[in-house]
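Contents: one structure, followed by commentary.
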Amino acid sequence: MIDQIFPDNMTYLEELLHPLERSKPLHVMLASPGGDGETAIRIVRALQARCSDLTILLPDMAKSAATILCLGADRIIFGPGGDLGPVDPQMRYPNGTLASAKELVEAVDEAERRITANPNTYPLFANLLAEVTMIMVEQARSALARSGALVREALSAATGRTSEVVDTLASALQLPLIDEPTSHSAVIGYDAAKSFGLPAESAAPDSVEWALVWALWTRYFAMGAFPVGPVAIYEGDRASQIILPTPGRP
């Protein structure tokens, strides 16, 4: 699954999951800049409902909502360049581009502070924030307020994880994933994920298994998939979708 994470993902994903057997393990290659945390919860629950054990493979980045998705996995296998990121919900502009909810709210608050101090700067900030509506700002604030609950819900999706373990992990993740990061691009690699108590594993770069994963990833990369291009890809044993840019997608 190589795409932003928003509600329209579910139909493409369900097409891949429909024929799977609940008694077998499932491996998912994931690369995503993030998106909607609520959709990430729906996705990880759908994945867990179709397998005995869920492993997420990270050849590249899985940020924000994609990090939430990973929190519900039974194993997270990091490639040498794979990483998670802060749980910072992404807002999608009408033209399809993404904006960090935290950075959006901060930009509006900073504009308000500066205009209050110097009303003559209003035209400048009105121009800079022309695409931002009050609805978007309120949605961003609501999404940020839900971050802790989404982390907990995702952690609860993993197979056999007790409520006590969920509490411990949620507490350990609050600072590094929600409170402390100042940038959406902050990197959380294998070592950090392991130290937080997540089921993180490091792929052996010289192994046959990782060579196969990497060959598949570079194929998608060459086709223009994220992060080099705007193509989204969903592929499984019985279905394959290559989604080209359309209105509403960048």
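The values are calculated or read from the model by the stated rules, or taken from the named source; none is laboratory data. Only a predicted model underlies this, so the values are computations on that prediction, with no experimental measurement involved. Note that each Cβ is placed from the backbone with ideal geometry, even for glycine, and that neighbours are counted across all protein chains shown.
From P86, P59, P25, grab the single residue that is of a type outside the set (A, V, I, L, M, F, W, C), surrounded by 23 or more Cβ atoms within 10 Å (Cβ to Cβ) and under 30 Å from T162 (Cβ atoms).
Of P86, P59, P25, the one residue that is of a type outside the set (A, V, I, L, M, F, W, C), surrounded by 23 or more Cβ atoms within 10 Å (Cβ to Cβ) and under 30 Å from T162 (Cβ atoms) is P86.
Could you say which residue among L124, L69 is among the aliphatic types (A, V, I, L, M) and free of Cβ contacts under 8 Å to residues at least 12 places away in the same chain?
After applying the criteria, what remains is L124.
Could you say whether any residue in the stretch 2-22 is among the charged types (D, E, K, R), in contact (Cβ under 8 Å) with a residue 40 or more places away in the chain and buried (at least 23 other Cβ atoms within 10 Å of the Cβ)? Talk me through it step by step, then tell me what you get.
In the first step, residues of the stretch 2-22 are kept if they are among the charged types (D, E, K, R); the result is 3, 8, 14-15, 21-22.
Those still in the list that are in contact (Cβ under 8 Å) with a residue 40 or more places away in the chain too: 3, 15.
From the residues that got through so far, the ones that are buried (at least 23 other Cβ atoms within 10 Å of the Cβ) too are 3.
Taking every residue of the stretch 2-22 in turn, at least one turns out to be among the charged types (D, E, K, R), in contact (Cβ under 8 Å) with a residue 40 or more places away in the chain and buried (at least 23 other Cβ atoms within 10 Å of the Cβ).
Please verify whether A158 is more than 21 Å from V187 (Cα to Cα), without any contact (Cβ under 8 Å) to a residue 40 or more places away in the chain and either of a type in the set (A, V, I, L, M, F, W, C) or outside any helix (DSSP H, G or I) (or both), treating the condition exactly as stated.
Against the criterion (more than 21 Å from V187 (Cα to Cα), without any contact (Cβ under 8 Å) to a residue 40 or more places away in the chain and either of a type in the set (A, V, I, L, M, F, W, C) or outside any helix (DSSP H, G or I) (or both)), A158 does not qualify.
Among the listed residues G34, G82, which satisfies the condition of being under 17 Å from D191 (Cα atoms) and not aliphatic (A, V, I, L, M)?
Unique residue meeting the criteria: G82.
Tell me, please, whether a residue that is modelled with pLDDT of 85 or more and not hydrophobic (A, V, I, L, M, F, W, C) can be found in the stretch 85-93.
Yes, the stretch 85-93 contains a residue that is modelled with pLDDT of 85 or more and not hydrophobic (A, V, I, L, M, F, W, C).
Show me the helices (runs of 4 or more DSSP H) entirely contained within the stretch 59-129 in which 3 or more residues are within 30 Å of W210 (Cβ to Cβ). Steps first, answer last, please.
On the way: elements: 65-71, 101-117, 122-128.
The helices (runs of 4 or more DSSP H) meeting that bar are 65-71.
Can you name every residue in the stretch 105-123 that is surrounded by 13 or more Cβ atoms within 10 Å (Cβ to Cβ) and out of contact with any helix residue (DSSP H, G or I) (no Cβ under 9 Å at 6 or more places or on another chain)?
Across the stretch 105-123, the qualifying residue is only E106.
Only residues that are among the hydroxyl-bearing types (S, T, Y) and more than 26 Å from E201 (Cα to Cα): list them for the stretch 3-52, please. Show your work before the answer.
Taking the stretch 3-52 as the starting set, the residues that turn out to be among the hydroxyl-bearing types (S, T, Y) are 11-12, 23, 32, 39, 52.
If the condition is that a residue be among the hydroxyl-bearing types (S, T, Y) and more than 26 Å from E201 (Cα to Cα), then T11, Y12 are the ones that fit.
State all residues of the stretch 133-155 that are buried (at least 20 other Cβ atoms within 10 Å of the Cβ) and closer than 20 Å to G72 by Cα; if no residue qualifies, say none.
Matches in the stretch 133-155: A143, S147, L150, V151, E153, A154, L155.
Among (1) within 20 Å of Q90 (Cα to Cα); (2) part of a loop (DSSP other than H, G, I, E, B), where does I43 come up short?
(2)
I need the full set of residues from the stretch 177-192 which are over 15 Å from the mean Cα position of the chain (by Cα) and at pLDDT 90 or above, in order please.
Within the stretch 177-192, Y190, D191, A192 qualify.
Inspect the stretch 129-138 for any residue being without any contact (Cβ under 8 Å) to a residue 12 or more places away in the chain, outside the structural domain of L26 (by TED's automatic domain parsing) and under 30 Å from R45 (Cβ atoms) and give the result as yes or no.
yes
So which residues in the stretch 135-185 are hydrophobic (A, V, I, L, M, F, W, C) and closer than 13 Å to A101 by Cα? Walk me through how you get there before you give the answer.
Filtering the stretch 135-185 for residues hydrophobic (A, V, I, L, M, F, W, C) gives 135-137, 140, 143-145, 149-151, 154-155, 157-158, 165-166, 169-170, 172-173, 175, 177-178.
Within the stretch 135-185, I135, M136, V137, A140, A143, L144, A145, I178 qualify.
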